[in-house]
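Here is the structure we will look at.
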Amino acid sequence: MSAHTTTSPSPTKNAPGPRAGSGITFSRVLRSEWIKVTTVRSTVILIASTVLVMVGLAVLAAWGYAQLAQSINDGSLPADLQAQGPGSPAVDALTTPSSGLIFGQLLIASLAVVLIASEWATGMIRSTMVAVPGRTPALLAKTVVAAAVAFLVGLLSAMVSYLIAQPILGSQDLDFALTEEGVLASIINTGTFLALVAVISMSLGTLLRNTAGGVVTAVGIFFVLPVILQLLSGLAAWIPDAARFLPGEAGNKMAAVTAAEDALTQLQGGLVMGAWALAFLVAALIATKKRDV
Amino acid sequence: MIEAQTLTKRYGAKTAVDSVSFTVRPGRVTGFLGPNGAGKSTTMRMIMGLDNPSGGQVTINGRPYAKHKAPLHEVGALLDAKAVHTKRSAYNHLRAMAATHGIPNSRVNEVIELTGLGAVAKKRVGGFSLGMGQRLGIAVALLGDPQTVILDEPVNGLDPEGVQWVRHLARDLAAEGRTVFLSSHLMSEMALTADHLIVIGRGRIIADAPIQDIIDGQSKARVRVRADRPQDLLNPLAGDGVSSQILEPELIEITGVDPRRIAETAQRTGVLVYELTPLQLSLEDAYMQLTQAEVEYQSHSLSPTTPEATQITIPVEGRRP
């Protein structure tokens, strides 16, 4: 080290004092948070892998629908499946673009938790809070950046999935146009769903200040809670009713192409999940404002 | 200018900072001295808005840190060299910090150059030594070219060259009219850098004065005397608050009597005095005296040692190179 420090110790020749026109603005804090996301290699790798995993799952799904359709067409469908009634591959195929969500939401939840909890783990949070002592803009900017990244990951994955799936589905005449009812909305809402997953997960990471705890809790909310409620659904009539309003369940309805009877519509699903995201975000903002760091 | 008024921080039943009030003025280096656990870091964290005070308030340039529109231009702080994401490079860390205030990349490069981080700036902070981490922390503190600079234990982990660099930096910043607030648990470090000293022990301010006053205030007059018949000199001087030690047959140290009275006594008793040297207490000793009652963790030596053997006095005039 000693070789590098022959520089004059004087930090500047100018008179000390704030420079005109410089100070905290929300767009500057956004830019800072964007720099943070793009300058940690593991974060960038996680984002890229999320796209790959989501597209990969969609390709598998498309291939599965094509196989099913072929089996039905040449009458070779196994008897047990036939008894269940296989549903219509032509209808199911429409969900191909959003079929990566099942793992995509898990990866985005981890990403959002890691973005904030790693700051607590490394002590970076203190630098962040000193640079933006109002704190609320810092957390909001980080949430906006995470939600934007998640939205783009969802939109891009769904769009690429759609494009790659068409030739596969086309072999069985299952291919469909973007203009078909609900398809484009489903592709866009794949992004919206992930954006809201990011908001909820980042809030969890903020409240828990711990990467492992945050990821486990997010998985619990999106995956485990619906299963538990399903297992308990026989106990009381209200349990399955309530289960529809879980954030993950409602969000999946938002990204659906068609709404089933008795289920939430896309808009209702979106509103329910949006309400959850807002509630988590407000809790995280309050905790951030009050806490010692 | 930093102003704290009855600033208090409690953690449960424990009071880390107990109603402290002080002012840190521009144009000089103010040392914040205290043993480990005395409340230095907690106080600095409250100044920077990281910890909420349990009582009282602290302002920088007239308002609380968080109320400034461009806080990094008002105050630069090194509170904790580890407050960095370990997987990000030093350069990108500085870039992210700078972006919040629209500080250009040219300034980022300037502070990298200034702190001697050029060779490692593109490397991940996780691999940094403690010393490099401190330099990065100082680089962040200087990023906004702030009027007030707060450094918590800045020389920790620095090599001797780095320690000297921090001393010069602190003195130069103060010479430019900035407010410089520097903490340490090492009295010797403060003696070399600070003009003014705030001493804290167990969360309370125990001294707030120019360094010279702290030394003077704590030390009773101590005089080294060489005389042919020391005992004949000591007998008439004996009294309240006076103590003496015979170091050699003709060498004694007298505490609690000023040199003139010793000379007068010698003249009256006819004792030949061939050295009469007023001794000053070292800053280290003064600090020990100040904080003895306030130390949180007291260590005990394993073998009994004579206190005289460990007392080394340095003349305070020579404290600055």
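Tabulated data for the structure shown
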| quantity | calculated |
| --- | --- |
| Odd one out for residue B:65 among (1) free of Cβ contacts under 8 Å to residues at least 24 places away in the same chain; (2) in contact with a helix residue (DSSP H, G or I) (Cβ under 8 Å, 6 or more places away or on another chain); (3) open to solvent by 10 Å² or more (accessible area, probe 1.4 Å); (4) of a type outside the set (Gly, Ala, Ser) | (3) |
| Odd one out for residue A:263 among (1) assigned to a helix (DSSP H, G or I); (2) open to solvent by less than 30 Å² (accessible area, probe 1.4 Å); (3) not aromatic (Phe, Trp, Tyr) | (1) |
| Any strands (runs of 3 or more DSSP E) falling wholly within the stretch B:196-288 and containing at least 2 residues that are open to solvent by less than 70 Å² (accessible area, probe 1.4 Å) and touching a residue at least 40 places away in the same chain (Cβ under 8 Å) | B:196-201, B:204-210, B:222-227, B:273-279 |
| Count of residues meeting criterion [within 14 Å of residue B:102 (Cβ to Cβ) and more than 7 Å from chain B (Cβ to nearest Cβ)] in the stretch A:35-49 | 0 |
| Single residue of B:200, B:205, B:211 found to be of a type outside the set (Ser, Thr, Tyr), within 16 Å of the chain's Cα centre (by Cα) and more than 21 Å from residue B:7 (Cβ to Cβ) | B:211 |
| Condition check for residue A:42: polar (S, T, N, Q), part of a helix (DSSP H, G or I), out of contact with any helix residue (DSSP H, G or I) (no Cβ under 6 Å at 6 or more places or on another chain) and at pLDDT 95 or above | no |
| Filter result for the condition that a residue is open to solvent by less than 10 Å² (accessible area, probe 1.4 Å), out of contact with any Pro (no Cβ under 9 Å at 6 or more places or on another chain) and within 7 Å of chain A (Cβ to nearest Cβ), over B:116, B:102 | B:116 |
| Matching option when the condition is of a type in the set (A, V, I, L, M, F, W, C), under 22 Å from residue A:161 (Cα atoms) and not in a loop (DSSP other than H, G, I, E, B), among A:187, A:200 | A:187 |
| In the stretch A:40-61, the residues that are of a type in the set (Val, Ile, Thr), within 17 Å of the chain's Cα centre (by Cα) and within 29 Å of residue A:175 (Cα to Cα) | A:47, A:50, A:51, A:53, A:55 |
| The lone exception for residue B:188 - which of (1) open to solvent by 40 Å² or more (accessible area, probe 1.4 Å); (2) more than 30 Å from residue B:21 (Cβ to Cβ); (3) outside any strand (DSSP E or B) it fails | (2) |
| Of the criteria (1) more than 7 Å from chain A (Cβ to nearest Cβ); (2) open to solvent by 10 Å² or more (accessible area, probe 1.4 Å), which one residue B:86 fails | (1) |
| Out of B:94, B:78, sole residue that is within 28 Å of residue A:290 (Cα to Cα), more than 7 Å from chain A (Cβ to nearest Cβ), touching a strand residue (DSSP E or B) at 6+ places or on another chain (Cβ under 9 Å) and open to solvent by less than 10 Å² (accessible area, probe 1.4 Å) | B:78 |
| Scan of the stretch B:15-45 for residues that are open to solvent by less than 40 Å² (accessible area, probe 1.4 Å), part of a helix (DSSP H, G or I) and within 13 Å of chain A (Cβ to nearest Cβ), ordered by number | B:42, B:44 |
| Hits in the stretch B:157-185 - residues which are open to solvent by 20 Å² or more (accessible area, probe 1.4 Å) and either more than 14 Å from chain A (Cβ to nearest Cβ) or over 25 Å from residue B:136 (Cα atoms) (or both) | B:185 |
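The values are calculated or read from the model by the stated rules, or taken from the named source; none is laboratory data. A quick note: this is a predicted structure, and the numbers were derived from the prediction, not measured. Counting neighbours? That spans all protein chains shown, and the Cβs are built from the backbone with ideal geometry, glycine included. Calculation scope for accessible area: heavy atoms of the full protein, side chains included, ligands and nucleic acids excluded. Shrake-Rupley method; radii C 1.70, N 1.55, O 1.52, S 1.80 Å.
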